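Remarks on the structure that follows.
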Amino acid sequence: MAGALAVGSAALLLAAAFAPWTVSGTVERNGWATATSALRIEVVDGPARLLTIAWLFVPPLLALAALAASLGRVRLAWVVAGAVGALGVVVAAAVRTAPLASTAAPLVAGLAGGALVLCALGMLLALPTPAPGASGPHHPDEVDA
Amino acid sequence: MTRGAAARAWWARSAAVASAVALVTLGSVAVVVAANKDDGAPDPGAAAEVMFGALARGDALGALEALPPTERRAIAPYLPRLVSELQRLGLLPALSLTGVLGGTGGDLRVEGLTTSSEDWGQETARVRVTGGRLVGRMGPVELPERTRGLVHDATGFDLPAPGEPVDVDLAARRTSVLAVKEGGGWHLSLYQTIVDLVVDPTGPRPARPGAPAAIGSNTPEESAPDLWKAISDLDVGRLFSLFDGDEQRALYQAQPLFLPALRRDAGRWVEDEGFGFPPPTVEVSVEGTGPERIVRITRFDAKWRDRLDTVRVQYNGTCALWEHRATFGDPNADPATFQHCDGDVTTPIDTSVTGSRTHQLTAWTGLGRAFPTFVVRERNGRWFISPTRSVLQTLIEILEPLTPAQAGLLLDRATEVAHTFRPPPSTAGG
């Protein structure tokens, strides 16, 4: 159930990031273009700049979470997913409070990010402590041998 | 699970892993490539096209991006606070800064833009608009009438009304801008263009090899006193050498064009007009750490004179007291005085006391600040004044304590400043 909710939230976050986030004059910018513009004109610095750069890595990070899950690294998958969700919340909040006209897309992304964070937190707390020496799946030849 | 089913599952999982690895790799590479892409347009004409397009669409973000990195770095960090203050005071529409030009319902655009560019050397080019029109209609957002009036007083240009059709032949206006190459690409330079408007168009192109060096000050504390010392010495070269060379590249490059004339004028001022300005007493406070500091003048005492007027100004960190005497009048007579305190936008400046000769400089104090706040930046152990940051920081500090009810007064004072540079038509002729 949490897995399905997380996948749905991640998909919604990703879709919202591709929708228009800010409107400057008659020009609309999606979540990535808004972040790129903010970096380029240097209105974000310090930790905010690092977060904005990290936001650009959301698609590969989500792929990384999927990769970790498929390799059986469930804890890593949830950590990455939770981090992506938190990024979504922080970046969306920053855009909503910036002195720029913004659309509903960052709000949607923020909510999806929040859901992802909750799923990740819940699952991480529910996961049993890994046994020493536990590892991921093996080739069937190794399993059956 | 049978051996075959397990193998199929293993291959399926491996395919998923490979896909995810590919996505992670490609995604990361795409971000890194995008981040390292040349900043700017491929040529000067394209840079102008990008800027005109952004302005026509009211795209403030796009216009900022089209500026050279050194210029937008000085402007952009201050814009959120500045816009927020202007909106709080009702001087800009609360909806959004950018809704005024384009916005929902507006469709301004540049059509058929053609340009020619001329290499000015040192990665600078003049771009002339040879064809194209600005067409469409203004966005629906109304600018406050007072703001509109101030734009008219300061520039002589009437902004079209909301929704009004616009059709401007850009070539007929002989539009000419300067572009510079920075960050791997071409950008339309605000400062180069302004300097180009000021220098004699019939003169030689900027003689860049002779541009003076940026010298700066030893410490942040010395920056403002050094500035006043240069003013007192009428040493324009030293004055400009205190400014941030990266931000004011245009000023440094063009100095050989106007510095000799300014020096001649200064010499004439001293010889013919008897101008004298002994070094003033300047005390400052410095805030902040790191390579950027805020410098405020906390005490100032200066006297200047010419054949007609002798003016003394004393500032105690809060109020400035001006005293005026006729240079060859009765030395025992009481001077005419005028006091103006920081934050006061109610009282117009009394030019009979502050002196009409320096009115273009002293009129700014009517905005509620005797002195600007200086933003100074460190480079190679030297400290330079950043004019753009100083102006924007000062403007924000002027706006912050005001209430919306005082916005009209501020505009009155700003209009007076504008009139010192562009006298209103009723007084311009006589």
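Scanning the range B:414-429 for residues that are open to solvent by less than 20 Å² (accessible area, probe 1.4 Å) and in contact with a Lys or Arg (Cβ under 6 Å, 6 or more places away or on another chain) turns up nothing.
In the set (1) open to solvent by 30 Å² or more (accessible area, probe 1.4 Å); (2) out of contact with any strand residue (DSSP E or B) (no Cβ under 8 Å at 6 or more places or on another chain), the condition left unmet by B:T147 is number (1).
Identify, please: which residue in the range B:210-225 is touching a helix residue (DSSP H, G or I) at 6+ places or on another chain (Cβ under 8 Å) and surrounded by 17 or more Cβ atoms within 10 Å (Cβ to Cβ) and is, among those, nearest to B:V282 (Cα to Cα)? Filtering first and then ranking leaves B:S217.
So, B:D153, is that one open to solvent by 70 Å² or more (accessible area, probe 1.4 Å) and of a type outside the set (V, I, T) or not? It is false that B:D153 is open to solvent by 70 Å² or more (accessible area, probe 1.4 Å) and of a type outside the set (V, I, T). In the range B:23-43, is there at least one residue being assigned to a helix (DSSP H, G or I), more than 8 Å from chain A (Cβ to nearest Cβ) and over 21 Å from A:I53 (Cβ atoms)? Within the range B:23-43 (the criterion being assigned to a helix (DSSP H, G or I), more than 8 Å from chain A (Cβ to nearest Cβ) and over 21 Å from A:I53 (Cβ atoms)), the answer is no, since none of the residues qualifies.
Here is the figure for the range B:61-90: residues that are more than 8 Å from every other protein chain (Cβ to nearest Cβ) and in contact with a Lys or Arg (Cβ under 6 Å, 6 or more places away or on another chain) total 1. Remark: B:G290 falls outside the filter, which requires a residue to be surrounded by 14 or more Cβ atoms within 10 Å (Cβ to Cβ) and assigned to a loop (DSSP other than H, G, I, E, B).
For (1) within 17 Å of A:G110 (Cβ to Cβ); (2) touching a Lys or Arg at 6+ places or on another chain (Cβ under 6 Å); (3) among the charged types (D, E, K, R); (4) crowded, with 20+ Cβ neighbours inside 10 Å, each residue gets a yes or a no:
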{"site": "A:A4", "(1), (2), (3), (4)": "no, no, no, no"}
{"site": "A:A16", "(1), (2), (3), (4)": "yes, no, no, yes"}
{"site": "A:P20", "(1), (2), (3), (4)": "yes, no, no, no"}
{"site": "A:G46", "(1), (2), (3), (4)": "no, no, no, no"}
{"site": "A:R49", "(1), (2), (3), (4)": "no, no, yes, no"}
{"site": "A:F57", "(1), (2), (3), (4)": "no, no, no, no"}
{"site": "A:G72", "(1), (2), (3), (4)": "no, no, no, no"}
{"site": "A:W78", "(1), (2), (3), (4)": "no, no, no, yes"}
{"site": "A:L87", "(1), (2), (3), (4)": "yes, no, no, yes"}
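Pull up the range A:31-68, narrow it to residues that are in contact (Cβ under 8 Å) with a residue 12 or more places away in the chain and farther than 30 Å from B:P77 by Cβ, then point me to the one that is nearest to the other protein chains (Cβ to nearest Cβ). Filtering first and then ranking leaves A:L64.
The single condition among (1) open to solvent by 30 Å² or more (accessible area, probe 1.4 Å); (2) at pLDDT 85 or above; (3) out of contact with any Ser or Thr (no Cβ under 8 Å at 6 or more places or on another chain) that B:D43 does not meet is (3).
In the condition set (1) over 30 Å from the mean Cα position of the chain (by Cα); (2) buried (at least 18 other Cβ atoms within 10 Å of the Cβ), B:T337 is compliant with all but (2). Filtering the range B:297-311 to residues that are crowded, with 17+ Cβ neighbours inside 10 Å and either under 27 Å from B:V376 (Cα atoms) or among the hydrophobic types (A, V, I, L, M, F, W, C) (or both) leaves B:I297, B:F300, B:A302, B:W304, B:V311.
In this entry, B:F258 passes the filter for residues that are at pLDDT below 85 and of a type in the set (F, W, Y).
Name the residues in the range B:241-256 that are open to solvent by less than 10 Å² (accessible area, probe 1.4 Å) and in a loop (DSSP other than H, G, I, E, B), would you? Scanning the range B:241-256 gives B:L242, B:D244, B:E247.
Kindly provide the set of residues from the range B:51-60 that are open to solvent by less than 20 Å² (accessible area, probe 1.4 Å), at the interface with chain A (Cβ under 8 Å from one of its Cβ atoms) and of a type outside the set (G, A, S), ordered by number. B:D59, the sole residue that qualifies. Out of curiosity, is A:A126 away from chain B (no Cβ under 14 Å), more than 16 Å from A:L14 (Cβ to Cβ) and either among the small types (G, A, S) or touching a strand residue (DSSP E or B) at 6+ places or on another chain (Cβ under 7 Å) (or both)? Considered against the rule, which asks whether it is away from chain B (no Cβ under 14 Å), more than 16 Å from A:L14 (Cβ to Cβ) and either among the small types (G, A, S) or touching a strand residue (DSSP E or B) at 6+ places or on another chain (Cβ under 7 Å) (or both), A:A126 comes out as yes. Within the range B:319-347, residues that are under 22 Å from B:T365 (Cα atoms) have Cβ atoms under 9 Å from residues that are open to solvent by 80 Å² or more (accessible area, probe 1.4 Å) and of a type in the set (K, R) in these pairs: B:E323/B:K303; B:R325/B:R305; B:P335/B:R325; B:A336/B:R325, counting only partners at least 6 apart in sequence or on another chain. Which numbered condition trips up A:R29, out of (1) crowded, with 24+ Cβ neighbours inside 10 Å; (2) outside any helix (DSSP H, G or I)? In the conditions (1) crowded, with 24+ Cβ neighbours inside 10 Å; (2) outside any helix (DSSP H, G or I), A:R29 misses (1) alone.
For first residues located in the range A:95-123 and away from every other protein chain (no Cβ under 14 Å), partners that are part of a loop (DSSP other than H, G, I, E, B) and lie 6+ apart or on another chain with Cβ distances below 8 Å form the pairs A:A105/A:A19; A:V108/A:A19.
Every condition in (1) at pLDDT 75 or above; (2) open to solvent by 40 Å² or more (accessible area, probe 1.4 Å); (3) within 10 Å of chain A (Cβ to nearest Cβ) is met by B:L95 except one, and the failing one is (1).
The values are calculated or read from the model by the stated rules, or taken from the named source; none is laboratory data. Just so it is clear, the model here is predicted, and its values are computed rather than measured. Quick reminder, even Gly has a Cβ in these numbers, built from the backbone with ideal geometry, and neighbours come from all protein chains shown. The accessibility values were calculated without ligands, DNA or RNA, using every heavy atom of the protein model including side chains. Shrake-Rupley method; radii C 1.70, N 1.55, O 1.52, S 1.80 Å.
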